[in-house]
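First up is the structure itself, then whatever we jot down about it.
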Amino acid sequence: MVSALILAAGAGTRMKSDKPKVAHEVLGKPLVRWVIDAAHDAGIKDIISVLGYQSEKVAPLVEDDTQIVIQESQLGTGDAVNAARDAMTENGVIKPGSLIVLSGDCPLITPETIVELVKKQQETQAAVVVLTMQLENPFGYGRIVKENGNVIGIVEEKEASDEIKKIKEVNAGVYCCNAKELFKALDKIDNNNEKGEYYLTDIIGIQVKEGKKVSSFVLEDSEEILGVNSKVELAQASRVLRERKNKELMEEGVILIDPATTYIEETVKIGKDTVIYPGVILQGNTVIGENCEIIGNTRIIDSVLKNDIRVESSVIEESILEDKVTMGPFAHLRPKAHLKEKVHIGNFVEVKKSTLEPGVKAGHLTYLGNATVGRDTNIGAGTITCNYDGINKFDTNIGEKVFIGSSTMLVAPVNIGDNALTGAGSVITKDVPEDALAVERNKQIIKLKWRK
Ligand code: UD1
Ligand code: CA
């Protein structure tokens, strides 16, 4: 039986934020979720989250799939683990098996590492296996003190002598423990240290002294254990996770022209041979098909783009684009825009809650809101669906093969029949039958020699 404990009760003072540290996001996902998801992906089902500081803000992030325990005051990592004692107790005794302790501020930990760590602890029957790493700059981390190659203790930065500060092997803050042994050792830790905190790391020295089997598991990839304590480290974690995501996409056949300047969130899916240009931001549950080109400063959120689509310098929110749509530069889809096959929307066109049937063109300076537009209809430059009277929204229905003249105001609710035509500059307030011409405009007046 393997359980996981996620320490997420700390305030994160070094973040200098109003928000609890573990709720800060990288690649669109809160720090603590990265850790929980890694534990899940490692096959661990029984997960306990220790919350404390602003737990009301963290709980919604973890309550669906973990058991929450509260650490009333944040007295240190050892005290945080202790807060889970009741949750780990069954019939008056600590549940048998392994407990893997993870920090909610280490989003780079991988499921593979968790699996390896548990395997080592179980195979060697160790009281604890601590995950460690060699760091060029070990500042801030607990140092792994060894004697004859065996771990004998962990010393925190604040307590470290100059000699100990030179040690480059550091504590990742991830441990796989024999649960019973862990809670036994926790009874013996105190807070007689620089920070006045109960350090979880002290269990190592205690268990060594008692002759328990303690060992370390050295990680090769130093990026995996980065703890996020400040906003500088938040950006570092973001870079690493972005690089991982980008690499995964490229391995699946996506072309990223400059991965370093592309921001693609964890949840995004992209098909092969699609080209992503620099400056593109792809977020949320966005799914992009094959052979698309996403160019310029484009941001796409929670949208579905099928295949062979071209988008340039545009914003797309909660919308659907079918095959061969072309869009932009400088167009904006707001929620519930549905552009069917081969639709083209161009410069400064905004579409909201509207369906554009195949072949519709709106090339310039247009607003389409609460509208349906039939197949192959052409929307002239400067057209506006006047869908709002200040209180309510109304629909505009435009038929197939319609020609909407430039600068037509379509005052909703209004229906335009198939194959109809509106004259440029018309304010259309009444329905237009199919095949009809509708013009609403004063006669032009010419006054000769007026300027003289
Ligand atoms: C800790 C380790 C250090 C290790 C480093 C790795 C200790 C004493 N030190 O230091 O050896 O190198 O992690 O990143 O454990 N937390 C609580 N309750 C508390 C205090 C902290 O839940 O009372 C949580 C925090 O929210 C955080 C995690 O525990 O997610 C680690 O705490 P943090 O203060 O960041 O520890 P470090 O100083 O980084
Ligand atoms: Ca930390």
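Answer yes or no as to whether residue 399 is among the small types (Gly, Ala, Ser) and under 45 Å from the mean Cα position of the chain (by Cα).
yes
Could you list all residues from the range 218-242 that are more than 10 Å from ligand 2 (Cβ to nearest atom), of a type in the set (Gly, Ala, Ser) and under 10 Å from residue 106 (Cα atoms)?
237
Condition check ((1) surrounded by fewer than 20 Cβ atoms within 10 Å (Cβ to Cβ); (2) of a type in the set (Ser, Thr, Tyr); (3) touching a Leu at 6+ places or on another chain (Cβ under 8 Å)) across all residues:
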position: 210; (1), (2), (3): yes, no, no
position: 223; (1), (2), (3): yes, no, yes
position: 228; (1), (2), (3): no, no, yes
position: 231; (1), (2), (3): yes, no, no
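Can you report the number of residues in the range 177-202 which are among the acidic types (Asp, Glu) and surrounded by 14 or more Cβ atoms within 10 Å (Cβ to Cβ)?
So the answer is 3.
Quick one: residue 6 ticks every box in (1) outside any strand (DSSP E or B); (2) within 12 Å of ligand 1 (Cβ to nearest atom) bar one, so which box is it?
With respect to (1) outside any strand (DSSP E or B); (2) within 12 Å of ligand 1 (Cβ to nearest atom), residue 6 is out only on (1).
Quick one: in the range 1-21, of everything that is at pLDDT below 95 and touching a Phe, Trp or Tyr at 6+ places or on another chain (Cβ under 9 Å), which residue is surrounded by the most Cβ atoms within 10 Å (Cβ to Cβ)?
10
So, of the residues in the range 404-432 that are part of a strand (DSSP E or B) and of a type in the set (Val, Ile, Thr), which turns out to be surrounded by the fewest Cβ atoms within 10 Å (Cβ to Cβ)?
427
Show me the strands (runs of 3 or more DSSP E) found entirely inside the range 338-381 where at least 2 residues are under 16 Å from residue 316 (Cβ atoms) and out of contact with any helix residue (DSSP H, G or I) (no Cβ under 7 Å at 6 or more places or on another chain).
Qualifying strands (runs of 3 or more DSSP E): 344-352, 354-356, 361-369.
Within the range 40-79, track down each residue that is within 30 Å of residue 261 (Cα to Cα) and buried (at least 20 other Cβ atoms within 10 Å of the Cβ).
Residue satisfying the conditions is 61 alone.
Could you give me the residue pairs with C-beta distances under 9 Å whose first residue belongs to the range 98-122 and is more than 19 Å from residue 9 (Cα to Cα), whose second residue is away from ligand 2 (no atom under 16 Å from the Cβ) and hydroxyl-bearing (Ser, Thr, Tyr) wherever it lies, and which are 6+ apart or on separate chains?
98/3; 118/98; 120/215; 121/98; 121/215; 122/98
Being assigned to a loop (DSSP other than H, G, I, E, B) and away from ligand 2 (no atom under 16 Å from the Cβ) is the filter; apply it to the range 91-113 and report the residue that is nearest to residue 224 (Cα to Cα).
So the residue we want is 110.
Within the range 88-102, does at least one residue satisfy the condition of being under 21 Å from residue 27 (Cβ atoms) and buried (at least 21 other Cβ atoms within 10 Å of the Cβ)? Quick ask: steps written out before the conclusion?
If we filter the range 88-102 for residues that are under 21 Å from residue 27 (Cβ atoms), which is where we start, we get 102.
Those left that are additionally buried (at least 21 other Cβ atoms within 10 Å of the Cβ): 102.
Taking every residue of the range 88-102 in turn, at least one turns out to be under 21 Å from residue 27 (Cβ atoms) and buried (at least 21 other Cβ atoms within 10 Å of the Cβ).
Would you check which residues across the range 277-290 are free of Cβ contacts under 8 Å to residues at least 40 places away in the same chain and closer than 19 Å to residue 319 by Cα and list them?
280, 281, 282, 285, 286, 287, 288, 289, 290
Quick check, is residue 329 surrounded by fewer than 20 Cβ atoms within 10 Å (Cβ to Cβ) and either more than 30 Å from residue 245 (Cα to Cα) or aliphatic (A, V, I, L, M) (or both)?
When the stated conditions are applied, residue 329 does not pass them.
Read through the list (1) among the hydrophobic types (A, V, I, L, M, F, W, C); (2) farther than 21 Å from residue 75 by Cβ; (3) within 16 Å of ligand 2 (Cβ to nearest atom), then give the number of the only condition that residue 200 fails.
With respect to (1) among the hydrophobic types (A, V, I, L, M, F, W, C); (2) farther than 21 Å from residue 75 by Cβ; (3) within 16 Å of ligand 2 (Cβ to nearest atom), residue 200 is out only on (2).
Is there a residue being hydroxyl-bearing (Ser, Thr, Tyr), within 30 Å of residue 26 (Cβ to Cβ) and away from ligand 2 (no atom under 16 Å from the Cβ) anywhere in the range 114-130?
The answer is no, given that none of the residues of the range 114-130 is hydroxyl-bearing (Ser, Thr, Tyr), within 30 Å of residue 26 (Cβ to Cβ) and away from ligand 2 (no atom under 16 Å from the Cβ).
Can you confirm whether residue 342 is within 42 Å of the chain's Cα centre (by Cα), surrounded by fewer than 21 Cβ atoms within 10 Å (Cβ to Cβ) and among the basic types (Lys, Arg)?
Answer is yes for this residue.
The values are calculated or read from the model by the stated rules, or taken from the named source; none is laboratory data. Keep in mind that this is a model prediction, so the values were computed, not measured. Neighbour counts run over all protein chains shown; Cβ positions are idealised from the backbone, glycine included.
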